[in-house]
Each structure stands twice: as structure tokens, then as C-alpha cells.
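So the structure is just underneath, and the comments pick up after that.
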2 protein chains.
Amino acid sequence: MVESVKNLSEKLSERGIRPSYQRIKVLEYLVQNRCHPTVDQIFNHLIKEIPTLSKSTIYNTVNLFIESDLLKPIGIEDNEVRYDIDTSDHGHFKCESCGKIFDFAIDIENLTTEDLKGFRINDKSVYFKGICPECLKNKKDNKKI
Amino acid sequence: MVESVKNLSEKLSERGIRPSYQRIKVLEYLVQNRCHPTVDQIFNHLIKEIPTLSKSTIYNTVNLFIESDLLKPIGIEDNEVRYDIDTSDHGHFKCESCGKIFDFAIDIENLTTEDLKGFRINDKSVYFKGICPECLKNKKDNKKI
DNA sequence: TATATATTTGTAATCATTACAAAAACGATA
DNA sequence: TATCGTTTTTGTAATGATTACAAATATATA
């Protein structure tokens, strides 16, 4: 699914965000690279196309997108924030071996508890950690040696 | 429930951690202050009792405790890590207004998904954010003015 | 007691993120 | 289209949590 610049521009305008060249490029990267990138990854990719790009712009832009509910920060890592353009409810699994982050479907809607009666819940996050199938396989292979 | 220094010392020894004075004091603070403190909070409290205390020691100690499954880091905040001495399964709610963190019971054990077939899951975290009852009440009160 | 080992301490380094001001781009208006 | 005000981008400096590391101290063992 390739989204045209026109669509991306409209998506920004809908949310009251002026569709500057940099903002469109950041959104385009996020839509096309759904690997939950860090600011560094976004920056290092786009600097090739936009030589004058500043890392500040990436920070400004992702924070703007977050405020407009266009993007969700993922706090599964301790050291750096990752970003997810898919704002629908789902969980995140981080492989402790390769570091990759996987999405998984989970019924977050019905995730409730008596203990939070009287609380207003704005956001729910579900983070799992462990080892992904590929890394498990490699581990097994290594044992044979 | 007051835990004696002897019990705390034994708890450390059980896990193969030498019960130094600083380690016992950190563990004591964690057991008695279950507010999910930051390194700074632990340090600022204990410096009163141990004037020579270094913040490095707090970092060393909490990381040691985490490796020994005596303590769990909570990554619900973006900027700093909090620590939970209660390592049993439960969720964490962070009030976006007062910043307080609340524990809540939730059936994490049965939180599963077809999507993670073949994955080894080592750890599950459930983080909710929103407004706690007290802050909701204050908000309402302020509107009356 | 002497010696080896573990722990603590203090400082320097790291690194992601934010703050801020100057420069550049943009938009509206005449 | 030229001008003026506003928004956005950029680059650098500042911040702040955490880690690295080496010297000092405490502890265990022989």
C-alpha cells in the first residue's frame, strides 16, 4: 500500500497540522516503515533525501504528531522512545535477543479491573518481553556446535 | 508490617547477595516505601542516615536487585525509571495529573494472544494512564470557581 | 595480621531529549 | 509582486538520567 504525498498532506491538514515538506517526509517514512523506529532511525534515513535536515525537526515533528493523536510513543525500551503510526489498540513484544519489536493483537478494550473504579483511563499499554522464534531457533542451532 | 534487618539480610543472602549495610538500607527503604520510588527518591531519603552515600551505590544496588529478581523496573515514565519491590503480577496506573503510580490487580497470567505462538515470553507489563479519583475531584472543584 | 576480593564512592563520560534563538520558509494582504 | 507577520526549521547549548571507571574503603580468608 503506497500512500501518495497528496493523501499524506491531507491527513496532516485534517488534524490541523500544516503539511510542510519535512512533516510529509516524516509521515511518509512512518507509514512505509512500520518497524517502530527511533528518532535516530527516522533522522538517518531522511538525511539522505534532505541534506539540511536537523534532528530537532524530527523531535518537533514526532511530538507534534503525538499531540495530534497521529502517532503513539512506545516506552518498551529503557533508553530511547520508539514510535508507532498504528494507533489502534494492540500489544508490543520486544525480543531481548535481537531487539526487534513485534505487534500483536490483544483485547485491550476488555482489559479492566475492579481496582480502578473511579479512575479515568486515557491510555492502556501492554508490553511483553522475551525471545522471538527466529532467535530461539538460532540459539538451538548454536547449541549443536 | 515491619521487617527486621535480620530478615532483610537473610533475604539478600538467599539470593546470593552479600548483605552490606548499604544494600540492607536500600532494601529496607524499598520494603517500607512501596511508592515505586526513583533512584533520586531512594538516594535523597537514605543520604540522611548515611552521609557518605553515593548515588552510584543506589544505581549499583537496584541493578543488582533487578538481576536477582528481587526488584522490578517500571518503565511507565518516559524520563526516569521507577522500581517496584512487589514482583508479583500486577498492573500499574500512572495519574497524568499528580504523577502518582497505583498498583492494580489484573490477570496477566491469562493475558495471551495467538499472534505470539512460538515466542518465549519472559515478562509481561500492563501500564494504564489517566486521572486518579482525587485529581478528578479537584478538577471538578476548580470548575466551580 | 597480611592479602586477596568485593563494595562503595566520586567524578567524568555518555546519550537521548529539550530549550532557545537565529535563519529560512510561508501566507496573507495591499 | 513586494512587504510584513507568523510558522517552521535549523544548529547549538543545556539538561538530566544513567553508566563507566578508577581510587578508596570494607570485608573475608588464610
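The values are calculated or read from the model by the stated rules, or taken from the named source; none is laboratory data. Remember, it's a predicted structure, so these values are computed and weren't measured experimentally. Positions of Cβ are generated from backbone atoms using ideal geometry, with glycine treated the same way; all protein chains shown enter the neighbour counts. Quick note on the areas: whole protein, heavy atoms, side chains included, nothing else; ligands and nucleic acids left out. Shrake-Rupley method; radii C 1.70, N 1.55, O 1.52, S 1.80 Å.
Looking across region B:69-80, the residues that are modelled with pLDDT of 95 or more, open to solvent by 10 Å² or more (accessible area, probe 1.4 Å) and within 21 Å of B:K129 (Cα to Cα) come down to B:K72, B:P73. Residue pairs whose Cβ atoms lie under 7 Å apart, sitting 6 or more positions apart in sequence or on different chains, and linking a residue in region A:89-103 that is closer than 11 Å to A:L136 by Cβ and in contact (Cβ under 8 Å) with a residue 24 or more places away in the chain to a partner that is open to solvent by less than 30 Å² (accessible area, probe 1.4 Å) and assigned to a loop (DSSP other than H, G, I, E, B), are A:C95/A:C132; A:C98/A:C132. Any residue that is over 19 Å from the mean Cα position of the chain (by Cα) and either farther than 30 Å from A:K139 by Cβ or assigned to a strand (DSSP E or B) (or both) - is there at least one of those in region B:114-122? Within region B:114-122, one or more residues are over 19 Å from the mean Cα position of the chain (by Cα) and either farther than 30 Å from A:K139 by Cβ or assigned to a strand (DSSP E or B) (or both). Quick one: would you say A:E109 is among the charged types (D, E, K, R), surrounded by fewer than 18 Cβ atoms within 10 Å (Cβ to Cβ) and touching a Ser or Thr at 6+ places or on another chain (Cβ under 8 Å)? Criteria not met by A:E109.
The residue list A:D103, A:D107 contains one member that is closer than 19 Å to B:E114 by Cβ and part of a loop (DSSP other than H, G, I, E, B), which is A:D107.
Exactly one residue out of A:I74, A:I58, A:I101, A:I106 is among the aliphatic types (A, V, I, L, M), over 12 Å from the mean Cα position of the chain (by Cα) and farther than 22 Å from A:S20 by Cα: that is A:I106. Look at (1) at negative phi; (2) open to solvent by 30 Å² or more (accessible area, probe 1.4 Å) and you find that A:F104 fails only one, number (2).
Condition check ((1) on the phi < 0 side of the Ramachandran plot; (2) polar (S, T, N, Q); (3) not assigned by TED's automatic domain parsing to the domain that holds B:T38) across all residues:
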| position | (1), (2), (3) |
| --- | --- |
| B:L64 | yes, no, no |
| B:S68 | yes, yes, no |
| B:R82 | yes, no, yes |
| B:G118 | no, no, yes |
| B:S125 | yes, yes, yes |
| B:K139 | yes, no, yes |
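Every condition in (1) under 24 Å from the mean Cα position of the chain (by Cα); (2) more than 7 Å from chain A (Cβ to nearest Cβ) holds for B:P133 except the one numbered (2).
Residues satisfying the criterion are absent from region A:95-111 (criterion: basic (K, R) and at pLDDT 95 or above). Selection of region B:58-111 for residues being among the β-branched types (V, I, T), touching a helix residue (DSSP H, G or I) at 6+ places or on another chain (Cβ under 9 Å) and within 13 Å of chain A (Cβ to nearest Cβ) yields B:V62, B:V81, B:I106. Of all residues in region B:116-131, those that are among the acidic types (D, E) and either open to solvent by less than 20 Å² (accessible area, probe 1.4 Å) or in contact (Cβ under 8 Å) with a residue 12 or more places away in the chain (or both) total 0. The condition (being open to solvent by less than 20 Å² (accessible area, probe 1.4 Å), more than 12 Å from DNA strand D (Cβ to nearest atom) and either under 17 Å from the mean Cα position of the chain (by Cα) or not charged (D, E, K, R) (or both)) is satisfied by just one residue among B:D84, B:D89: B:D84.
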